[in-house]
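Below you'll find the structure, written out as structure tokens, and then a few comments.
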């Protein structure tokens, strides 16, 4: 049977069933998990072709990729590849209903897999799917039902369900002493039978299909609720041996998971942040949420009554510890622990009821998104620091934005696109209001470095004429600017560009298109200087600038061999000719020599030199294509300076070649623009491009005009001291007046500078700055090539024991180190730096300007040597002239005793080596302390909580605390009240500075005796008669308009155990406050419409405060000792993992 579907309500046991089958059959999991599956009646044999995937929060591509990896297959068309395998695989997909796009998974993957056949006619695979009974899965359900492969766990005969439930609960409870003893066997089995009967809603005598309980779907599966209730029994109650008490407790089993959760949360009063943290984790996407992110988000779910900031680190750690039974853990790519709720049904409930059960307060997704990104806001208001964001946010912030309808606003932040995970962002890009790029374009960024992404995103922004975004991307705050920055593009102008050229002197470039028209552009604006030049009747395939008779001229050619010579200033056609040319023609030059005008047209095979007037041809040797020049009175070619379609420019005495190339990324060729030293053939820069490079043209200043994908794109070289900004136009093909000024707030990309913002403090410019602006600044001399390196920071997670006592830890760092080839000089071995011939080694050139004050001489940084005064004629092949290279090293960091979370340990000169081999910066190792199971830390003091029975607090007892130094006994005085703390001096953390240690504080939480049997109730009633303490209700705070009253009910221990009725005087007469038997300290009761003053009635929250009796008489003490001996309760500091938790951890791979 090729398809089986397991369906049913949440918690009915779908995942448990599949988990047992996978553990038993999987070749890797079979042996380690034998304790889980060996007790079942029948288990499958080992299956080497079994693959499984849990679909929770996973996309279609995630699931397909997981199946590919497990099956070891590659290529497109997963269904066909599965059918072509030599052996039939078994595919298991669990939690289909929790996938990111389940409908697509069903229609494009599961149904085709179920219908596929092998060449021999057999099914391509065996498919097992678990899902909830949702309508969108009807087709898959129907296919399984038609083949006899449907298993609906909601429609199992009740006698069978009760029988299995009883055995399941009994087995769970038996794992916790003393329930494994014979004396407790009757109570254990009675409790299990009562729970099974209560959850199935009938008597054990029923059988077959029960029409009332199973007609339709249940809200919650019995096995999930039963397992959690069994855990609640053994952790919140003392051992029960009385059969009657066990039966009564079993009958009280809640029917739903929310009811059970509320019971458990009511008993956990020690952590104010427990419920908000669980509500935050209910909004988790993917594999889980880091504790830090969950802590920031939990503030949103604290309710209207909570004021102030978010939880401290130790409060988050305490809440996670208290909630650990409900959580699953995994590790993120950076080693951070991720947390999520272990069941989707629990998450669904907490999303609807994040504050309390009686209120449906689904939080606005916009508030969730705002809380998640709030810690990323920079202090200076310059934007969000996505470079320091948690990997969780880089993956899932866009999904939270989709919930809030704010994808467009999020992807409008260019820094987010630089660092975000394209696999998660790309599917939602096309759905945003105005995406900066398509999903396919962003998907192409997968696997690229952040720098490569930044360059491509800047190109995309310039292509859409979004110059502000392009500038922000090319000039990130606090980081080096991109050396070549996009200025403008012809994209969107409805022209297919086929040829390009740059003028050597004037600031003008030309583009020709397939329609035969030519446009002259302002180099920096991209605006059209003249109307289009028309005359060619075929596509333009070559353009070249030159000088004829002292006038700027433009030569154009088309695919039919017609040449036109244009006045490059007025656009007037000067000459039309036909000339010889090779096919195809990839290089065109306009040359003048001895009063004659020549056309040099060529490709990789030959160059044809033609007199433009006479038409005489001359052939140059093959392979000499490229730029032509007149040198020493002879016409020569720069052979080898550039490849076919390439170009060259000269800066600082060195000639650089530019051409299109490709690199390999994940097996695919990616186009790029490469710049290298023409003499040494050393690579200078590799600029990723959105499409293959067809032609390039350059200017003497190093600007590069690129023809790629049928569009022209100008990349401006980022000089050290750029000129003032000038605004590119959003419509580069429209001729505009040359005097057009940009809008004041515009910022643009390229070697034009962006004016600095005024000082944040509002201060005015100094006198020297004003004088320098008018009369020029003083000479500063050449810059130093050798500069100090930057500091580096590394995150290191340690256990509490390691931070308290210190530890030595090996760490791996990836930093820039001194280049050993050139010893930091940047020059190739055997060569030296030479003085710059443009500035004569001064690093500056003089700029003379005329003004109403006369001539102003201003020193400007030399662009040839970038202000260094020297140039590197032959760069080091290892470091490319930087004097440093990146490498991975292993260091040992000595963490001193007493470090706290967030402490940084400094390793001097172990950071980044500076440019030119400068002194290395420091490496800072930031310590992050993992949450401890027992202790929390505040400064140098440690804190732990001990759950103490109120009877033990009244009688006094001796506790044994397992400290970090070993066991320590501590006495609890008789009459100690709940909330008291005991102090152990010198058992805390070492003082980081100085000698000595902090203290250990033991906080005592009282536990009221609950679920009393007959004998215990009689003893407690006797104690109450011997000490008839009465309870009271007091007002803590009056109700403000729109808020609740806050009351405190003070209840003596005996009344809290037995239950009590207290009286609250109100304006409408006495109101009765019913305190339930077994009320725990901190329990909150709710009263409706209470009026204490003259105002309107308001609801009231009544918090129960249990008091412990002190100064007992001998008779009272004797009764309490009998009661305590009968209960057998002992203080506890933590709860050990039980069978249910261990089983869950085994499924999650944590054992």
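General remarks:
- Count of the range 263-287 residues which are at pLDDT below 85 and in a helix (DSSP H, G or I): 5
- Residue match in the range 525-541 (condition: touching a strand residue (DSSP E or B) at 6+ places or on another chain (Cβ under 7 Å), under 24 Å from residue 490 (Cβ atoms) and free of Cβ contacts under 8 Å to residues at least 40 places away in the same chain): yes
- Criterion: in contact (Cβ under 8 Å) with a residue 24 or more places away in the chain, touching a helix residue (DSSP H, G or I) at 6+ places or on another chain (Cβ under 6 Å) and under 18 Å from residue 284 (Cα atoms) - qualifying residue of 351, 373, 418, 355: 351
- Within the range 1083-1109, the residues that satisfy the criterion of being surrounded by 13 or more Cβ atoms within 10 Å (Cβ to Cβ), over 20 Å from residue 1012 (Cβ atoms) and out of contact with any strand residue (DSSP E or B) (no Cβ under 6 Å at 6 or more places or on another chain) are 1091, 1092.
- Annotation: of all residues in the range 488-513 being part of a loop (DSSP other than H, G, I, E, B) and under 45 Å from the mean Cα position of the chain (by Cα), the one that is surrounded by the most Cβ atoms within 10 Å (Cβ to Cβ) is 490.
- Considering only residues in the range 652-666 that are at pLDDT below 75 and crowded, with 18+ Cβ neighbours inside 10 Å, the one that is nearest to residue 827 (Cα to Cα) turns out to be 652.
- The conditions of being at pLDDT 85 or above and surrounded by 19 or more Cβ atoms within 10 Å (Cβ to Cβ) are not met by residue 1076.
- Qualifying residue in the range 526-535 (condition: surrounded by fewer than 18 Cβ atoms within 10 Å (Cβ to Cβ), modelled with pLDDT of 85 or more and assigned to a strand (DSSP E or B)): no
- Filtering the range 996-1016 to residues that are farther than 21 Å from residue 948 by Cβ and touching a helix residue (DSSP H, G or I) at 6+ places or on another chain (Cβ under 7 Å) leaves 1013, 1015.
- Any pair with Cβ under 9 angstrom, 6 or more apart, that starts in the range 1016-1043 at a residue that is at positive phi and ends at one that is modelled with pLDDT under 80: 1042/304
- Annotation: of all residues in the range 695-723 being at pLDDT 80 or above and assigned to a loop (DSSP other than H, G, I, E, B), the one that is farthest from residue 459 (Cα to Cα) is 700.
- Here the helices (runs of 4 or more DSSP H) wholly within the range 104-200 that include at least 1 residues being at pLDDT below 90 and surrounded by fewer than 17 Cβ atoms within 10 Å (Cβ to Cβ) are 138-146, 158-174, 185-200.
- Any hit, the range 385-403, residues being part of a loop (DSSP other than H, G, I, E, B), more than 30 Å from residue 13 (Cβ to Cβ) and out of contact with any strand residue (DSSP E or B) (no Cβ under 9 Å at 6 or more places or on another chain): yes
- Number of residues in the range 964-1002 that are part of a strand (DSSP E or B), within 41 Å of the chain's Cα centre (by Cα) and buried (at least 17 other Cβ atoms within 10 Å of the Cβ) equals 5.
- Residue 517 being buried (at least 20 other Cβ atoms within 10 Å of the Cβ) and assigned by TED's automatic domain parsing to the domain that holds residue 656: no
- Set 669, 629, 685, 691: member being modelled with pLDDT of 70 or more, in contact with a strand residue (DSSP E or B) (Cβ under 9 Å, 6 or more places away or on another chain) and part of a strand (DSSP E or B): 685
- Hey, residue 41 surrounded by fewer than 18 Cβ atoms within 10 Å (Cβ to Cβ) and in contact with a strand residue (DSSP E or B) (Cβ under 9 Å, 6 or more places away or on another chain) or not: no
- Unmet requirement for residue 319, which otherwise passes all of (1) modelled with pLDDT under 85; (2) touching a helix residue (DSSP H, G or I) at 6+ places or on another chain (Cβ under 9 Å); (3) under 19 Å from residue 235 (Cα atoms): (1)
- Within the range 470-480, the residues that satisfy the criterion of being in a helix (DSSP H, G or I) and either within 20 Å of residue 705 (Cα to Cα) or free of Cβ contacts under 8 Å to residues at least 40 places away in the same chain (or both) are 470, 471, 473, 474.
The values are calculated or read from the model by the stated rules, or taken from the named source; none is laboratory data. Worth saying up front: this structure is predicted, and the values here are computed from it rather than measured. Heads up, the Cβs are rebuilt from the backbone with ideal geometry, glycines too, and the neighbour counts pull from every protein chain shown.
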